[in-house]
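Structure first, commentary second.
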Amino acid sequence: MAVPKLLSSFIDALYLKKYFGRWSDRWTIFRVWLALWACCLTWIINPSARKAGQAFIKFPSDPTPIYLTQTFMGGIVVCAVWGWSVLAMKLALLARDPAKDQATYAAVNQTIFRENPDMQPAQIEGRFLEKVFTGIFLQAGSSAIYAVFLFIGIYFVFLIRAFVPRLFFIMVFGSILLCIYATLGPLLPIWYAVELGQIFMIPYGYYLGITVVCSIFIVPQSVSHSITEKLHAQTTMIKEALQLSPERLRNMDDSQVAAAIAEWDNTRNQIIQQAELATLQTGFLAREISMQKASGKDVQKLVEMVKMMRFCLSGQSIFIRHVHRRVRASAGNTRTDGEKTPVAQASQTSVESLPYASAPALRDLLASVAASSDRQIRSLQKGVEAFTNFLDRETSMSHAFSGIFKQPPVVTEELEAALSELKQAIAEAAAGQGEKSSADKPTSNRASYLHEVWQMFLCTFSSELETALEFVLEIEKRPVKLWFPGRQNGPAEEEVKKEHAVPRAMRRRIEMALGGDAVLPFEEDIPERIEGVASSLELGQDSTMSDSERRRSSALNIIQRIYRGIDWFFTSVESTFSLKVGILAICLAVPAWIYDNGSAEFYYREKGLWALISGVTAKGLFSGETTFGFIQRLLGVIIGGVVALAMWYISAGSGHGNAYGLAAVFAVSLALFIPWRIWNPNFLTHITATTSGALIIGYSWYDRPDSPVPVIWGPGQGWE
């Protein structure tokens with residue numbers, strides 16, 4: 001039994017179940033696998049190894065429009081950072097002492113020829129580069145200019161990252177390029193901007209071309225399809241949440257109800273996570289070509305409808321928490337020794353004196369609630385299931401590909417039956433409320449409160465679900481068509497009232513908390529003119545300020561703006577975060593600029609550049625985020641190192657590397673770890689793991705004896 005359990009844990013940890021899930025997940029894995037494997041081959045094959053090298057890329061796991069947009073923005077950022085670094089190199093060269101550089105150059109040449117006068121040109125070049133990386137050409141003025149440019153560049157890169165978190169990967173690319181120039185540039189006494197840029201720009205261009213081609217031509221995914229899948233995941237979990245009905249709660253004890261609430265909360269948190277992922281993508285709906293029955297505007301409306309159903313679950317949350325409180329109260333009131341528990345003592349005035357204080361009375365109350373709403377809850381469950389099945393058909397592989405050659409079948413029976421049953425249940429509930437007399441009401445207002453809360457939840461959820469079913473029934477009757485970018489494929493402001501969604505749901509949630517009888521003000525008219533207060537236009541017209549007073553007021557406004565800007569620079573969260581990262585970058589780069597004590601030689605020999613990159617990219621906006629980020633990175637380095645060593649020795653054995661073995665090992669390893677890389681929420685861990693693994697295998701491959709790419713002070717192979 002231990003082996004199957006261990007295998008199951010391994011499959012869950014690596015998210016390998018995605019291979020057996022939805023077809024779009026499998027195609028996403030294949031698209032990413034093909035792109036990454038092709039990128040690995042570019043630095044395994046000798047002809048392309050000299051130019052390809054190693055670089056960081058964002059693999060094409062996102063829908064095609066999103067990936068292309070982010071790639072375009074990434075290219076702009078990388079080119080801007082490269083231009084900033086080139087400017088730094090130009091100014092740094094102007095600050096150098098040419099006479100000192102010439103004297104150093106002559107001394108190095110004499111030393112090399114003195115060691116071996118018969119050296120070949122390639123050997124002379126290699127020895128000269130070794131001397132360069134000891135820092136013999138470092139000058140204080142040049143290093144100071146690089147330090148200033150590094151600080152300013154890092155500040156603005158991370159300021160953008162703080163304000164726009166979704167640009168995290170793009171800003172990482174920019175910060176890496178800044179660090180490369182700031183640490184390698186001071187070593188060189190000549191104009192070397194283009195050659196130094198090739199270290200990053202050429203491999204970045206290679207890999208970018210491969211990933212873009214895969215994103216466009218290897219089963220591209222539209223944003224509409226991606227969001228519809230996330231809506232399907234939400235409605236599937238909403239269907240699970242609706243299973244926690246009064247009938248199920250009736251026979252549960254305190255611990256069982258607590259466990260059911262914990263499971264319900266976990267389900268709702270997962271719904272919210274899926275909703276946040278869908279919200280991040282809705283802005284791309286108007287920028288794509290998609291082919292399905294629902295247009296981008298329709299998908300936007302579906303997002304709003306599912307959002308309203310998600311908000312309506314607040315009523316169910318209030319209900320089950322009241323039930324839990326009463327279960328605990330009844331448990332505390334039924335001790336066998338007759339002594340009151342702390343729960344009962346604390347609730348004596350508010351619980352024990354009421355008719356539901358005992359367990360039998362509470363079960364009877366829940367039975368009454370279940371009996372009064374059995375038809376309606378069953379119609380809700382059936383309606384959500386029909387809605388979920390529609391989303392499943394809309395995102396299925398057969399549905400997507402059949403639209404290319406023929407129209408898929410129209411399946412309206414389930415939707416029509418669910419909608420009809422839901423309308424009947426709503427009508428019966430409304431009729432029952434209207435015919436209910438005062439004699440039929442429970443004698444205790446507290447006892448009837450559960451009825452009110454549950455009925456309010458059912459009514460609000462039924463109303464939203466009815467609207468959603470009518471809408472998807474209309475979509476189901478359409479043919480599959482090709483939707484192009486444009487207004488018809490964007491959000492429909494006149495139909496989707498996004499600003500009303502949250503207030504309307506909040507009003508319903510407050511009504512449920514108050515018992516459903518409160519009438520709350522909503523959408524009150526806002527007067528254009530408040531009595532006794534003049535508008536700014538009128539104030540401007542009636543003003544009798546002199547020209548000197550206006551100039552003085554304008555000067556004061558300028559001073560206030562300057563003061564606010566300075567205050568924001570030193571006190572705002574985003575600016576102080578960027579300042580800290582800039583200072584950290586300078587501190588970690590300083591050893592690369594010191595020559596007299598051998599600091600620069602140690603820095604480059606021990607690959608101090610990666611300490612600089614790891615430090616600035618691990619810094620978080622807040623201290624807790626930073627601490628957790630460093631822990632994640634440490635764990636990622638350990639995981640990536642162990643996996644990379646295993647991959648290297650499996651492919652190379654006792655030799656110095658085998659291209660065919662490494663290509664085969666990469667093919668298998670990528671297939672295993674790509675699902676973990678895509679869907680693991682701890683992205684810092686898997687980013688660091690994959691980066692560390694690539695560095696270990698890459699340096700091992702480049703440090704072999706017959707490598708076409710010379711590496712100065714390479715760390716060696718494998719465990720070395």
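With every protein chain present, what is the per residue accessible area of segment 593-684 (1.4 Å probe, Å²)? Could you put the intermediate results ahead of the total?
Details: 4680 Å² over 92 residues.
That works out to 51 Å² per residue.
Please compute, over every Cα-Cα pair in segment 118-237, the percentage with a separation greater than 26 angstrom.
On the way: 3470 of 7140 pairs.
Pairs farther apart than 26 Å: 49 percent.
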**Q.** Over segment 637-690 - Rg/Rh using Cα atoms and the Kirkwood inverse-distance radius
**A.** 1.03
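Could you please report the charge total around Arg250, scoring K, R as +1 and D, E as -1 over all other residues with beta-carbon less than 15 angstrom from its beta-carbon?
Working: positive: Arg248, Arg326, Arg363; negative: Glu247, Asp253, Asp254, Asp364, Asp374.
It works out to a net charge of -2.
Once R0 is set to 41 Å, what does the formula 1/(1 + (r/R0)^6) return for the Cβ-Cβ distance between Gln424 and Lys481, expressed as a FRET efficiency to the nearest 0.05? List each step's numbers first, then the result.
Values: r = 34 Å, r/R0 = 0.83.
According to the calculation, E is roughly 0.75.
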Q.
If I histogram all Cα-Cα distances within segment 145-211 using bins 5 Å wide from 0, what percent of pairs lands in each bin?
A. 3, 16, 22, 21, 19, 13, 5, 1
Q: Sticking to Cα atoms, compute the Rg of segment 212-324 to one decimal and its Dmax as the biggest Cα-Cα distance, whole number, in Å.
A: 17.9, 58
Q | Rounded to the nearest 20 debye, dipole of segment 127-272 from Cβ charges on Lys, Arg, Asp, Glu | A | 440
Q: Would you work out the charge dipole size for segment 257-306 about its Cα centre, treating the Cβ of every Lys and Arg as +1 and the Cβ of every Asp and Glu as -1, and quote it to the nearest 20 debye?
A: 240
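May I ask you to give the solvent-accessible area per residue for segment 75-190, in square angstrom, as obtained with a 1.4 angstrom probe?
Details: 5290 Å² over 116 residues.
Heavy-atom accessible area per residue stands at 46 Å².
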Q | Percent accessible area from carbon and sulfur atoms, segment 54-146, protein chains only, probe 1.4 Å | A | 66
**Q.** Label-point gap, in nm, between Phe113 and His656 - each point 7 angstrom along Cα→Cβ
**A.** 3.1
Q. For Leu672 and Asn269, FRET efficiency with R0 = 25 Å and r from the beta-carbon atoms, rounded to 0.05?
A. 0.30
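The values are calculated or read from the model by the stated rules, or taken from the named source; none is laboratory data. All values reported here derive from a predicted model rather than from experimental measurement. Please note: Cβ atoms are built from the backbone with ideal geometry, for glycine as well, and neighbour counts cover all protein chains shown. In case anyone asks, the SASA skips ligands and DNA or RNA and just uses the protein heavy atoms, side chains included. Shrake-Rupley method; radii C 1.70, N 1.55, O 1.52, S 1.80 Å.
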